[in-house]
Every structure is written in structure tokens, then in C-alpha cells.
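**Q** Sharing a structure below in C-alpha cells format, with a few things to ask.
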Amino acid sequence: MPERSAGAVAVIDGGAYRRLFVWRLRCRPPGFPVLNESGVSVAQSRKLLLVGAVLGILAGITLFVAHSHTYLDVSASDFAINRAAAQQLLDRDPVYDADAERDRLKQEGLYRGQLAAESFTGTYSNFIGLPTTALVYTPFANMNFDDALLTFQIVEVACFLGAVVIVGFAVPRRNRVLAWLVGLAALLLFFPVMSSLALGVAVLLKISPWVVLAFVLLRVGRRCLRVVIGAASAVAVLLALSTLVGGRPHDIVTWLSDVVPTLSRGNRSVENQSVPALLARFLVGGDDLVATTIPIGGYRFVGYLIAVAGILGMWWWRRNRSFVPLELGALILIALLSGPI
């Protein structure tokens with residue numbers, strides 16, 4: 001029996017480990033199962049994930065059928081607010097005139113009950129998007145409200161499904177069907193998806209755009225100039241189009257000078273899952289955790305630290321590796337934890 005060496009054992013890094021793993025794959029006998037670090041074969045993992053996805057789809061359909069009134073029996077306040085802003089845009093009136101938009105809802109007989117209680121009562125119940133958001137809603141501006149809402153919800157469902165299909169194409173061909181099933185299960189089980197359909201919101205994840213842009217610029221390296229030109233061109237085209245339709249370039253200035261500073265202060269409501277909001281809820285006096293009118297104060301600067309550390313950390317970790325779609329998922333998590341910036 002050979003004697004064990006008394007010398008130090010070398011520690012291999014991640015790259016060497018992956019090369020060793022690939023070598024083992026090439027040298028394995030035909031039909032030999034491939035095991036991951038937990039000892040479960042890849043085929044077994046895919047079967048477990050497939051079963052979980054199918055069960056998730058069935059559970060999602062069951063929950064939706066059984067509790068559809070809970071999901072959909074709410075006022076479409078977000079849709080009503082954005083639609084009123086689109087009407088203002090088409091009439092070349094200020095899109096940030098909350099009183100005029102409230103009057104539009106009253107004229108249509110919509111400003112009553114729960115919708116009235118959730119519309120134009122504070123910062124987050126006013127129109128706070130860019131004029132380009134109002135531009136997106138212009139096809140629904142002159143339609144009957146119920147027909148417009150139903151059409152918007154159908155379009156939104158199509159966009160959700162399209163997003164799942166696109167993400168599925170980002171994985172290897174043999175895993176695409178599995179990825180599509182998992183995505184469909186997530187859509188049916190993820191409550192914000194259902195609530196967004198009921199409310200008629202335009203964006204599910206209101207992540208800070210500069211976080212995404214900063215990471216992409218670091219990630220592409222020397223090609224950053226192309227990214228800047230492309231992003232700037234797209235923004236310029238959308239803003240120019242909304243200005244041509246609305247005829248009010250000053251609305252962009254209003255958004256930058258009035259809306260952005262208010263939003264950047266954030267709020268400590270439980271609906272804000274960022275770390276700065278969590279700190280404010282724990283460390284600032286008061287027991288009203290639902291109101292969106294209480295700012296988080298200086299704790300919002302913690303969000304800057306989280307965003308910078310997260311962007312630099314991800315870039316350093318992935319700097320010499322090929323891009324994978326999971327990086328975007330991690331980036332969204334960083335943006336959500338850092339909060340509005």
C-alpha cells in the first residue's frame with residue numbers, strides 16, 4: 001500500500017476545479033451519471049425541478065380559480081392615474097397636474113369608493129413617472145375605462161409570458177422547456193404579478209436605472225462608449241416623442257426638479273423592502289408602518305453604500321468570466337436592497 005505524502009496538499013481555485021470537473025466528464029464511462037457536489041445526479045435534479053414546476057403550475061391555477069375575487073376585486077388605481085396623465089399628455093396639458101387629473105376621473109364617474117381613496121392623496125398616489133410613461137398609456141386614453149383596463153391587462157399578460165419565453169432562450173437548449181415551466185409556475189404563484197394585473201401598473205420592479213447602467217458599463221469594459229451612446233439615444237428618442245405628442249418639454253424639467261427629489265427621500269412603509277427603510281422602521285420612533293408620507297431620512301445614504309458595494313463586488317467577482325443571465329437577477333436584488341436612489 002503506498003505511503004501517504006507528508007507534504008502540504010495544494011488547494012485548487014474555482015477555475016482549476018471547473019477544469020478538473022470537465023476532464024472528469026470527458027473521461028467518464030458511457031452512461032455513467034454526472035454528480036454535482038451534493039451527490040445528486042444532474043438528471044435527478046432536473047426531474048425534481050420539473051416535478052416542482054408542474055406542481056407549482058397546478059397550485060397557481062388552483063389558487064387563482066379559488067381566490068380570483070381576492071386577486072382582482074381591487075380598484076385599478078394605478079391604471080386610472082396613468083391613464084389620466086395620458087389624457088393630459090394628448091391634450092397638451094401638464095402631466096403632473098394632480099387636480100386636473102382628479103377632475104378627469106370625476107367627469108368619467110370613476111372617482112368614488114376605493115379608487116378615490118387610493119388616488120391623488122399623496123406623493124405615491126399621484127402620477128410620478130416620466131412623460132414617457134404617460135406616452136405608453138396613450139392608446140388607452142380615449143377608450144371606455146373598463147375596456148381600456150381589460151385590454152391593458154391582456155397586453156400585460158402577454159408581456160409577462162413573452163418575458164418568460166425570452167429568459168428561456170437564455171439557457172441551454174435542453175433546459176429551455178424546464179425553464180419555461182419554472183417561469184410559468186413563478187408567474188402563477190408570485191402575488192405581485194396578480195396584484196399588478198389588478199392595479200394596472202406599468203412597472204413591477206421600480207429599480208434605480210443608474211444601478212443597472214453602472215454595472216453594465218463596468219461589465220462591458222472598452223465597449224462602454226457604445227452602451228452610453230445606445231442608452232442615451234433610446235432615452236432621447238422616447239423623451240422627444242413624448243415631447244412632440246404632449247408639446248410640453250417643461251414636464252421633463254418638472255419631473256427632475258419636483259418628482260425625483262421627493263421620491264429619492266423614500267419612505268419607511270412596510271412596502272419598501274430596502275435596507276434603509278428597514279433601518280428606519282427599527283430605529284426611528286413611531287408605530288405607523290403603513291403610511292408612505294414618512295421619509296427614511298439620512299438612512300437613505302446607506303442605500304448608496306449598498307449599491308456601490310454591490311456593483312463593484314459583482315463586477316470584481318465576474319470580471320474575467322463570461323456573462324450569465326443570473327447576473328441580472330443579482331443586480332435587481334442589489335437595486336431592491338439599496339432602495340430608491
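**Q** Could you run through the stretch 266-299 and say how many residues are under 20 Å from the mean Cα position of the chain (by Cα), of a type outside the set (S, T, Y) and within 30 Å of P94 (Cα to Cα)?
**A** The number of residues fulfilling the criteria is 5.
**Q** What helices (runs of 4 or more DSSP H) lie completely within the stretch 231-331 and have 1 or more residues being without any contact (Cβ under 8 Å) to a residue 40 or more places away in the chain and within 18 Å of F127 (Cα to Cα)?
**A** Ranges flagged: 250-254, 260-264.
**Q** Got a sec? Which of I332, I311 is exposed (fewer than 15 other Cβ atoms within 10 Å of the Cβ), within 30 Å of V284 (Cα to Cα) and of a type in the set (V, I, T)?
**A** Result: I332 is the single residue among I332, I311 that is exposed (fewer than 15 other Cβ atoms within 10 Å of the Cβ), within 30 Å of V284 (Cα to Cα) and of a type in the set (V, I, T).
**Q** Hey, could you check the stretch 231-274 for residues that are surrounded by 15 or more Cβ atoms within 10 Å (Cβ to Cβ) and of a type in the set (G, A, S) and say which is nearest to V220 (Cα to Cα)?
**A** A231
**Q** V51 is checked against (1) at pLDDT 75 or above; (2) surrounded by 13 or more Cβ atoms within 10 Å (Cβ to Cβ) and fails just one. What number does that condition carry?
**A** (2)
**Q** Please state which of the following conditions T151 fails to meet, knowing it meets all the rest: (1) under 23 Å from the mean Cα position of the chain (by Cα); (2) surrounded by 15 or more Cβ atoms within 10 Å (Cβ to Cβ); (3) assigned to a helix (DSSP H, G or I).
**A** Single failed check for T151: (2).
**Q** Sort out which residues of the stretch 307-341 are β-branched (V, I, T) and modelled with pLDDT of 90 or more, and write them in order of number.
**A** Result: V308, I311.
**Q** Could you figure out which of (1) over 20 Å from the mean Cα position of the chain (by Cα); (2) surrounded by 14 or more Cβ atoms within 10 Å (Cβ to Cβ); (3) under 25 Å from A43 (Cβ atoms) isn't true of P172?
**A** With (1) over 20 Å from the mean Cα position of the chain (by Cα); (2) surrounded by 14 or more Cβ atoms within 10 Å (Cβ to Cβ); (3) under 25 Å from A43 (Cβ atoms) applied to P172, the lone miss is (2).
**Q** Suppose we filter Y111, Y137 for residues that are of a type outside the set (D, E) and touching a residue at least 12 places away in the same chain (Cβ under 8 Å); which single one remains?
**A** Y137
**Q** Same structure, new question: Pick out, from the stretch 63-145, the helices (runs of 4 or more DSSP H) lying fully within it that include 3 or more residues that are touching a helix residue (DSSP H, G or I) at 6+ places or on another chain (Cβ under 7 Å), among the hydrophobic types (A, V, I, L, M, F, W, C) and modelled with pLDDT of 85 or more.
**A** 77-90
**Q** Any idea which of (1) within 15 Å of V216 (Cβ to Cβ); (2) under 20 Å from the mean Cα position of the chain (by Cα) is the one Y304 doesn't satisfy?
**A** With respect to (1) within 15 Å of V216 (Cβ to Cβ); (2) under 20 Å from the mean Cα position of the chain (by Cα), Y304 is out only on (1).
The values are calculated or read from the model by the stated rules, or taken from the named source; none is laboratory data. This one's a predicted model, so the numbers in the text were calculated from it and none came from an experiment. Note that each Cβ is placed from the backbone with ideal geometry, even for glycine, and that neighbours are counted across all protein chains shown.
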